[in-house]
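In what follows, a structure is listed as structure tokens, so that the remarks can point back to it.
The values are calculated or read from the model by the stated rules, or taken from the named source; none is laboratory data. Not measured: the values here are computed from a predicted model. Cβ placement follows ideal geometry from the backbone for every residue including glycine, while neighbour counts extend to all protein chains displayed. Accessible surface is based on the protein model in full, side chains and every heavy atom, while ligands, DNA and RNA are left aside. Shrake-Rupley method; radii C 1.70, N 1.55, O 1.52, S 1.80 Å.
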Amino acid sequence: MANPYEVLGVREGTSKEDIKKAYREQAKKYHPDQYGDNPLKDLAEEKMQELNEAYDSLMKNTGSSNGYQSSNSYNSSNNYNSSSTSYDDYTNRDIYQSIRMDLNSGNISSAEKKLGSMSTKTAEWNYLMGMVHLKKSWHDSAYNFISKACSLEPNNIEYRQSFNALNTQNSNYRGNYYGRRNKDSDMGNMCINLWCADSLCECLGGDLISCC
Amino acid sequence: MFGYVTPCKMEMKIKDYEKFKAYYCGLCNSIKHNYGNLPRLTLNFDMTFLAILIDSLGDNKSNFTEFTCAIHPLKKRVMINNNKALDYAAFSNTTLAYYKLMDDVQDNKTMKSKVFSLFLRNYLSKNKVEYNDVMKYTKEKLLLLNTLETNHENLTIDELSHVFADLTGFIVSFYYKDEIFKEDLYWLGYNLGKWIYIIDAYDDLEKDIENNSFNAINALFNSDKLDYKSFSKCIKPRIDYILTTCAQQCLKNLNSLPLIKNEDILYNILELGLMEKMDKVFNRKSDIDYLKGVEYKDGKSL
């Protein structure tokens with residue numbers, strides 16, 4: 001593992017408070033959530049993990065008396081109950097991030113357990129729970145969770161995209177069946193389509209069928 | 001509960017249709033051969049699908065033979081015989097039918113199901129040892145389903161249908177339990193089982209509300225005790241969403257299976273057959289024509 005001090009960008013022997021501060025700053029910069037579907041996201045995830053590891057090991061080494069156990073387990077981030085609220089937010093984000101990793105690696109039950117143990121139900125919580133249920137093929141509740149996430153944070157592109165994907169998949173599937181049934185549409189239908197196309201062209205100043 | 005997984009006849013090639021029928025007759029024959037004549041009455045299309053799906057993953061050659069059917073004596077028919085997949089489907093068919101009947105005996109205590117289940121029990125004792133796990137699992141899960149249906153307060157449709165879906169997934173994937181594609185098979189079965197459970201409930205909704213008997217959709221969603229007409233109107237989009245998602249997931253899992261044969265039949269069933277059934281159940285048009293103006297009889301009369 002890389003030198004944890006270097007990773008966090010602090011000098012050796014820095015106080016706990018300063019380490020925390022540095023961690024917070026770095027975490028803000030690299031948090032994968034802000035990258036959306038950007039290819040940078042993977043990189044950010046890696047970096048974030050590095051940061052977490054470095055932070056964990058430093059906090060353990062500074063000889064604090066109370067329980068910062070098991071540096072690698074993300075569950076333990078629950079224990080960092082620092083006084084500042086913004087920091088609390090970060091621990092939540094850590095859990096969310098570890099849940100995302102669980103989801104990616106297919107460890108659904110672990111993700112579900114972590115979500116179940118959380119008391120605050122934010123938009124992200126609803127979204128991730130929706131993802132868990134999606135993986136379990138619990139389609140009805142997945143739909144409800146994801147639409148809840150969308151209504152809580154209407155501007156979040158990730159939630160919106162997932163929600164739309166749910167509906168698009170279904171209409172594609174339906175379309176295949178209905179498309180076949182209506183394939184032998186009659187001539188009249190085609191004439192109307194042509195006429196519409198012609199009118200549209202004329203509206204824009206062009207002409208599709210010159211005789212009318 | 002059974003008989004919803006059928007092919008979309010109008011989009012089928014004749015050879016696939018004949019092959020489907022051969023599997024159907026083969027399944028019937030295998031039930032007769034392994035369990036006797038009476039259990040043949042429980043024969044259904046869903047299990048024909050199971051036989052076709054399982055057989056599609058094995059590289060054995062199908063054995064077609066011509067025979068005359070006792071019920072339809074006039075025409076010669078073709079069936080597949082000596083097929084292990086068919087035997088497994090025959091076993092699943094009989095087992096599921098038996099435990100389903102036991103359920104009915106407990107539920108409404110009609111004479112018919114009681115007598116029938118007594119007969120079936122004798123037949124089922126001839127089972128193969130290798131499938132004992134499936135029998136145990138089926139018994140357990142259907143019992144659990146029964147318990148959940150009686151105490152359905154605070155359950156969601158996903159929790160309730162999970163039991164039957166999981167059982168179907170288990171049965172579908174058990175035959176290939178040591179293969180790498182077991183997971184895909186399980187999820188195909190899981191979604192298909194959920195689809196069957198929910199479409200069956202929706203299909204029976206009107207009848208069940210009238211007779212005041214248990215119906216999963218009515219019990220879980222109809223908290224205001226609406227009548228059939230207004231209730232079905234407001235629940236339809238939600239059920240439609242769940243069913244379409246299940247069907248679409250079945251197809252997705254089929255795509256990742258290493259199919260060796262029967263590909264066209266399977267795609268026909270999961271891509272079009274399920275949709276056709278949903279269309280029928282939702283729109284209640286039992287004889288809508290696929291080709292305009294041409295009437296065709298209900299798909300059940302093969």
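Descriptive notes on the structure:
- Leading residue by the ranking (surrounded by the most Cβ atoms within 10 Å (Cβ to Cβ)) among those in segment B:250-268 that are of a type in the set (A, V, I, L, M, F, W, C) and within 12 Å of chain A (Cβ to nearest Cβ): B:Cys250
- Just one of (1) crowded, with 18+ Cβ neighbours inside 10 Å; (2) more than 14 Å from chain A (Cβ to nearest Cβ) fails for B:Ser213. It is (1).
- Output for segment A:103-130, where each listed residue is crowded, with 22+ Cβ neighbours inside 10 Å and either among the hydrophobic types (A, V, I, L, M, F, W, C) or within 14 Å of another protein chain (Cβ to nearest Cβ) (or both): A:Ala111, A:Leu128, A:Met129, A:Gly130
- Segment B:146-184 - residue that is touching a Phe, Trp or Tyr at 6+ places or on another chain (Cβ under 6 Å) and open to solvent by less than 20 Å² (accessible area, probe 1.4 Å) and, of those, nearest to the other protein chains (Cβ to nearest Cβ): B:Asp158
- Being of a type in the set (Asp, Glu) and at pLDDT 75 or above holds for only one residue in A:Asp94, A:Asp88, and it is A:Asp94.
- Search result, residues across segment B:7-16 that are crowded, with 16+ Cβ neighbours inside 10 Å and either away from every other protein chain (no Cβ under 14 Å) or on the phi > 0 side of the Ramachandran plot (or both): B:Asp16
- Residue count for segment A:28-41, restricted to those that are surrounded by 12 or more Cβ atoms within 10 Å (Cβ to Cβ) and either part of a loop (DSSP other than H, G, I, E, B) or at pLDDT 75 or above (or both): 2
- Checked against the criterion of being farther than 27 Å from B:Gly193 by Cα, open to solvent by less than 70 Å² (accessible area, probe 1.4 Å) and either touching a residue at least 60 places away in the same chain (Cβ under 8 Å) or among the basic types (Lys, Arg) (or both), segment B:39-54 contains not a single residue that satisfies it.
- Segment A:131-144, residues that are within 18 Å of the chain's Cα centre (by Cα) and open to solvent by 20 Å² or more (accessible area, probe 1.4 Å): A:Met131, A:Leu134, A:Lys135, A:Lys136, A:Tyr143, A:Asn144
- Selection of segment B:202-230 for residues being in contact with an Asp or Glu (Cβ under 8 Å, 6 or more places away or on another chain) and among the hydrophobic types (A, V, I, L, M, F, W, C) yields B:Ile209, B:Phe214, B:Ala216, B:Ala219.
- Meets criteria (within 14 Å of another protein chain (Cβ to nearest Cβ), acidic (Asp, Glu) and assigned to a helix (DSSP H, G or I)) for B:Asp200: no
- Test: residue in segment B:109-127 that is at negative phi, more than 14 Å from chain A (Cβ to nearest Cβ), at pLDDT 80 or above and out of contact with any Gly (no Cβ under 9 Å at 6 or more places or on another chain): no
- Filtered by the rule that a residue be within 17 Å of B:Thr168 (Cα to Cα) and outside any helix (DSSP H, G or I), segment B:21-54 gives B:Leu43, B:Asn44.
- Filtering segment B:216-248 to residues that are open to solvent by less than 30 Å² (accessible area, probe 1.4 Å) and either within 14 Å of chain A (Cβ to nearest Cβ) or touching a His at 6+ places or on another chain (Cβ under 7 Å) (or both) leaves B:Ala216, B:Ile217, B:Ile235, B:Ile239, B:Tyr241, B:Ile242, B:Leu243, B:Thr244, B:Thr245, B:Cys246, B:Ala247, B:Gln248.
Per-residue answers, yes or no, for (1) within 19 Å of the chain's Cα centre (by Cα); (2) over 27 Å from A:Ser141 (Cβ atoms); (3) assigned to a loop (DSSP other than H, G, I, E, B):
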position	(1), (2), (3)
B:Asp184	yes, no, no
B:Asp208	no, no, no
B:Asn218	no, no, no
B:Asp224	no, no, yes
B:Lys233	no, no, no
B:Leu243	yes, no, no
B:Cys246	yes, no, no
